[in-house]
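Peer 1: Before I ask anything, here is the structure I am working with.
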Amino acid sequence: MTDNHVTLKGPDKSSTEISSESPIGTMHPGKVGMKLQIVVIPVSDIHRVKRFYGDLGWRLDVDCAAQDDCRLTRFAAVGCS
């Protein structure tokens, strides 16, 4: 590796050079720019779930009953905006 350049070697022994001067900006091999936004988890005991995530310090954002047999509860993890 030289200044501003990284060489990646593939399983077939081929190599690819990546430069931080590339048009897409600074490259960070091994890092992916993605964030987890929403995970839907069906549960049978909503009160137990609320207590569990509340004890972790997660923030309760939404808690509403859409229908008699359907309830939406959303938590945000510590550090989420």
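Peer 1: Looking only at region 63-77, filter to residues that are surrounded by fewer than 10 Cβ atoms within 10 Å (Cβ to Cβ) and touching a Leu at 6+ places or on another chain (Cβ under 8 Å); which one of those is modelled with the highest pLDDT?
Peer 2: CYS64
Residues checked against (1) assigned to a loop (DSSP other than H, G, I, E, B); (2) surrounded by 10 or more Cβ atoms within 10 Å (Cβ to Cβ); (3) on the phi < 0 side of the Ramachandran plot; (4) at pLDDT 80 or above:
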{"site": "PRO23", "(1), (2), (3), (4)": "yes, no, yes, no"}
{"site": "THR26", "(1), (2), (3), (4)": "yes, yes, yes, no"}
{"site": "PRO42", "(1), (2), (3), (4)": "yes, no, yes, yes"}
{"site": "GLY79", "(1), (2), (3), (4)": "yes, no, no, yes"}
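The values are calculated or read from the model by the stated rules, or taken from the named source; none is laboratory data. Just so we're clear, the structure is a prediction, and the values are computed from it rather than from any experiment. As a convention, Cβ positions derive from the backbone with ideal geometry for all residues, glycine included, and neighbour counts pool all protein chains shown.
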